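The values are calculated or read from the model by the stated rules, or taken from the named source; none is laboratory data. Computed from a predicted structure; not experimentally measured. FYI the Cβ positions are ideal-geometry reconstructions off the backbone, even for glycines, and counts take in every protein chain you see. These accessible areas exclude ligands, DNA and RNA; they are computed on the full protein's heavy atoms, side chains included. Shrake-Rupley method; radii C 1.70, N 1.55, O 1.52, S 1.80 Å.
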Amino acid sequence: MANKVKEDLGFTLEMTALDSDSVTQRAATQPDSFDIADIEYWICKKVWPTGNLQAMDTSKIANYDKIVGIFRNGKLTPESVIAQGTAPHTVGFVDGPGGTSFASEETGWMTLIPTIYNADTLGIRPDLIGRPIESWTELLNPEFKGKASILDISSIGIMDMAMVCEAMGEIQYGDKGNMTKEEIDKTIGIFTEAKRNGQFRAFWKTFDESVNLMASGEVVIQSMWSPAITAVKSRGIPCVYQPLKEGYRSWGGGIGLSSSLSGMELDAAYEYINWYLSGWVGGYLMRQGYYSAVPETSKDFMSENEWGYWFEGKEATDIITSPTGDTLAQAGETRDGGSFYDRMGAVACWNAVMDENQYMVRKWNEFIAA
Amino acid sequence: MGWLQAAPLALILLAFLIAPIVMIVIVSFWGATEFSIFPAFQFDNYEFLFSSPVTYRVFGATLKYAFITWALTLAIGFTTAYFLAFHVRSLTMQIALFLVCTIPFWTSNIIRMISWIPFLGRNGIANQTLISWGVIDEPLEWLLYSDFSVILAFVHLYTLFMVVPIFNTMMRIDKSLLEAARDNGASGFQTLVHVIIPLTKPGIMIGTIFVFTLVMGDFITVRFMSGSQRANVGRLISNDIGLMQYPSAAATAVVLLCTVLIVIAILLRFVNIRKEL
């Protein structure tokens, strides 16, 4: 991607890849160490109050009007119900350039410019399970004892746990994205018991770990990210991103600007953002299974077959390949979960940061140590 | 002039050892919010640490890893050093074999550790071999992501730290002492117990300190080899750091440091390693 930026915009982009925890840490503690940060919305909620990011003037964003509703008023379609958790639009705007608290509607000053998002669910190995999987409860099904896994990133892991506990009928949450202490205790309690009983083979923290666990057959059902499924499939191993009846756990990321940017650097940052939304990156991301914030600009950078498969949920008319050339699907196959509107319309919860975050983190630490 | 000669080292130690530790101790009394830490003098971090059963369990697990790893590396390290020092006669051969021992260290720690994972996995080489030999019918689940795999990796990674100091002290044992023992009618075993082991004690002690401190301070081996299913103190600290709970990480680090120092102080009561340096 850095090469493409150089080619199209003429400046050099130095990228550092970090996991959620590290990027939060950098954004919150070292504002001078980055110019732009690609972070998730729930991280934004955490980092914004530190004052290390600056709001962006939407009038300078060429494709602002084409950005999907989820990031503007929260509604994918006018009839959509807004899911629980830190929905992107709730932390997407502030009142003005120096605003420190989030605004409830579109103000023209955006905290993050949405770049990428997706709906997450459980990944399974259909060949090793051999029966249909329909619910989040299957993660704790004793049938998969020693063959299940969840991710060891507290803020996201707790959501997957909540999806499971709610599906089991064990807990009714007020808001899965903002649990009370009792809800946290109960959720972690259920999973600690499962862990002690040997339900989990391993927990994973990085993308590669999740791919290896699945590909090697150590694990047959686990929380997973879409490109990890793609990576497993590209090794010729069957792997399904299983849509579940309770819905998806969704996340979104966006670009934030460091408060230290000004003048020419700031202009360059806007230029970069406009380029980011102009389609090439979106097309690249969509062909990996993510969604772009401005899908219609990406359409020009995808073939009709690719657009149909990835976005519209249609049967592939020809072989679908990843941006790096691996075959992901044959003609006639459809995407797990269907079209953009089927998938993003079935979001049950957004990745979130809770008011009781610190308590949750301690409990999570205990769970890992249990 | 003496103080001038000591000054460079003293300054380096002050800047890079003493000052950071003092900083850690100070921060351990600070408070933290989700994304920031603030100076304070409060005992919250310690209070939480000492009141949580998890702390005790994790310190227990860490000490258990340290003890088992120590016992195994000592047995393997001592045997290897003994073989090199007393069994191999020519100096060239000793040096050659000693270098062979260090070959695994030409690659990084992490690579040596991770290479165990495909080997021990459910469908890994170890299980497949055992199944094809008919030894087992079902893959052994405990080979990977268990205490077994954690300790295996520790032993693999740290045995050399035992071999080197023991070999070093053994090489300094005056060979005439062994001859004298033999002339006085001692059996091979008696020579080992009454002559070699007492004279090798300082080397054993240095190796012990190496292995003990390395295992107590580790976090990455436990994370990878247990698939995050087990915890040690290092992981508690690294989790806290990851979640930006620096004060609580600092408090755990201080407690860990004290534990290690106490154990080393006890160890040093047994042997005077200064004699050896």
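Determine whether B:GLY217 is buried (at least 19 other Cβ atoms within 10 Å of the Cβ), under 19 Å from the mean Cα position of the chain (by Cα) and either at pLDDT 90 or above or more than 14 Å from chain A (Cβ to nearest Cβ) (or both). I'd like the intermediate steps shown before the answer.
Numbers: buried (at least 19 other Cβ atoms within 10 Å of the Cβ): no; under 19 Å from the mean Cα position of the chain (by Cα): yes; either at pLDDT 90 or above or more than 14 Å from chain A (Cβ to nearest Cβ) (or both): yes.
For B:GLY217, the condition - buried (at least 19 other Cβ atoms within 10 Å of the Cβ), under 19 Å from the mean Cα position of the chain (by Cα) and either at pLDDT 90 or above or more than 14 Å from chain A (Cβ to nearest Cβ) (or both) - is not met.
Just one of B:THR107, B:THR92 is surrounded by fewer than 14 Cβ atoms within 10 Å (Cβ to Cβ), modelled with pLDDT of 90 or more and away from chain A (no Cβ under 14 Å); which is it? Write out each step before concluding.
On the way: B:THR107 fails: modelled with pLDDT of 90 or more.
Every option except B:THR92 fails the conditions.
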Open item on the list: Can you say whether A:GLY247 is of a type outside the set (A, V, I, L, M), open to solvent by less than 10 Å² (accessible area, probe 1.4 Å), touching a Leu at 6+ places or on another chain (Cβ under 9 Å) and in contact (Cβ under 8 Å) with a residue 12 or more places away in the chain, as far as the supplied structure shows?
Closed with: no
TODO: Give the number of residues within the stretch B:243-264 that are without any contact (Cβ under 8 Å) to a residue 40 or more places away in the chain, surrounded by fewer than 21 Cβ atoms within 10 Å (Cβ to Cβ) and in contact with a helix residue (DSSP H, G or I) (Cβ under 7 Å, 6 or more places away or on another chain).
DONE: 0
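Yes/no per residue for (1) more than 16 Å from A:MET1 (Cα to Cα); (2) surrounded by 14 or more Cβ atoms within 10 Å (Cβ to Cβ); (3) within 18 Å of the chain's Cα centre (by Cα):
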{"site": "A:GLU271", "(1), (2), (3)": "no, yes, no"}
{"site": "A:LEU277", "(1), (2), (3)": "no, yes, yes"}
{"site": "A:TRP280", "(1), (2), (3)": "no, yes, no"}
{"site": "A:TRP310", "(1), (2), (3)": "yes, yes, yes"}
{"site": "A:ILE320", "(1), (2), (3)": "yes, yes, no"}
{"site": "A:ALA331", "(1), (2), (3)": "yes, no, no"}
{"site": "A:GLY338", "(1), (2), (3)": "yes, yes, yes"}
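If I ask for residues that are hydrophobic (A, V, I, L, M, F, W, C) and over 16 Å from A:PRO227 (Cβ atoms), which ones from the stretch A:241-260 would you list?
A:LEU244, A:ILE255, A:LEU257
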Task: Of residues in the stretch B:44-89 being aromatic (Phe, Trp, Tyr) and more than 28 Å from B:ARG230 (Cβ to Cβ), the one surrounded by the fewest Cβ atoms within 10 Å (Cβ to Cβ) - done: B:PHE83
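Does B:GLY227 qualify as being not polar (S, T, N, Q) and not in a helix (DSSP H, G or I)?
Working: not polar (S, T, N, Q): yes; not in a helix (DSSP H, G or I): yes.
Yes.
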Open item on the list: Six or more apart or on different chains, Cβ atoms under 6 Å: show the pairs whose first residue is in the stretch A:342-368 and more than 13 Å from chain B (Cβ to nearest Cβ) and whose second is open to solvent by 40 Å² or more (accessible area, probe 1.4 Å).
Closed with: A:ALA348/A:GLU246; A:CYS349/A:GLN84
TODO: Inspect all residues belonging to the stretch A:75-89 and state whether any of them is in a helix (DSSP H, G or I) and within 20 Å of A:LEU277 (Cα to Cα).
DONE: yes
- [ ] Being surrounded by fewer than 23 Cβ atoms within 10 Å (Cβ to Cβ) and not small (Gly, Ala, Ser) is the filter; apply it to the stretch B:230-242 and report the residue that is farthest from the other protein chains (Cβ to nearest Cβ).
- [x] B:ILE237
TODO: Identify the single condition in (1) more than 10 Å from chain A (Cβ to nearest Cβ); (2) in contact (Cβ under 8 Å) with a residue 12 or more places away in the chain; (3) open to solvent by less than 50 Å² (accessible area, probe 1.4 Å) that B:LEU130 does not satisfy, given that it satisfies every other one.
DONE: (2)
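Provide a single number: the residues in the stretch A:228-241 that are open to solvent by less than 20 Å² (accessible area, probe 1.4 Å) and small (Gly, Ala, Ser). Spell out how you get there, then give the answer.
Of the stretch A:228-241, the ones open to solvent by less than 20 Å² (accessible area, probe 1.4 Å) are A:228-229, A:232, A:239, A:241.
Next, only the ones that are small (Gly, Ala, Ser) stay: A:228.
The total comes to 1.
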Open item on the list: Exactly one of these conditions fails for B:PHE224: (1) at pLDDT 90 or above; (2) away from chain A (no Cβ under 12 Å). Give me its number.
Closed with: (2)
Task: Candidate set from the stretch A:198-227 (those that are at pLDDT 90 or above and more than 14 Å from chain B (Cβ to nearest Cβ)); member that is surrounded by the most Cβ atoms within 10 Å (Cβ to Cβ) - done: A:MET224
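Being within 30 Å of A:GLY10 (Cβ to Cβ), among the aliphatic types (A, V, I, L, M), at pLDDT 90 or above and out of contact with any Pro (no Cβ under 6 Å at 6 or more places or on another chain) is true for just one of A:VAL347, A:VAL294. Which residue is that? Full working, then the answer.
On the way: A:VAL347 fails: within 30 Å of A:GLY10 (Cβ to Cβ).
Going through A:VAL347, A:VAL294 in turn, just one is within 30 Å of A:GLY10 (Cβ to Cβ), among the aliphatic types (A, V, I, L, M), at pLDDT 90 or above and out of contact with any Pro (no Cβ under 6 Å at 6 or more places or on another chain): A:VAL294.
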Open item on the list: Among the residues that make up the stretch A:18-28, is at least one of them within 12 Å of chain B (Cβ to nearest Cβ), in a loop (DSSP other than H, G, I, E, B) and under 16 Å from the mean Cα position of the chain (by Cα)?
Closed with: yes
Task: Count of the stretch A:36-63 residues which are closer than 24 Å to A:SER298 by Cβ and either more than 21 Å from the chain's Cα centre (by Cα) or assigned to a loop (DSSP other than H, G, I, E, B) (or both) - done: 8
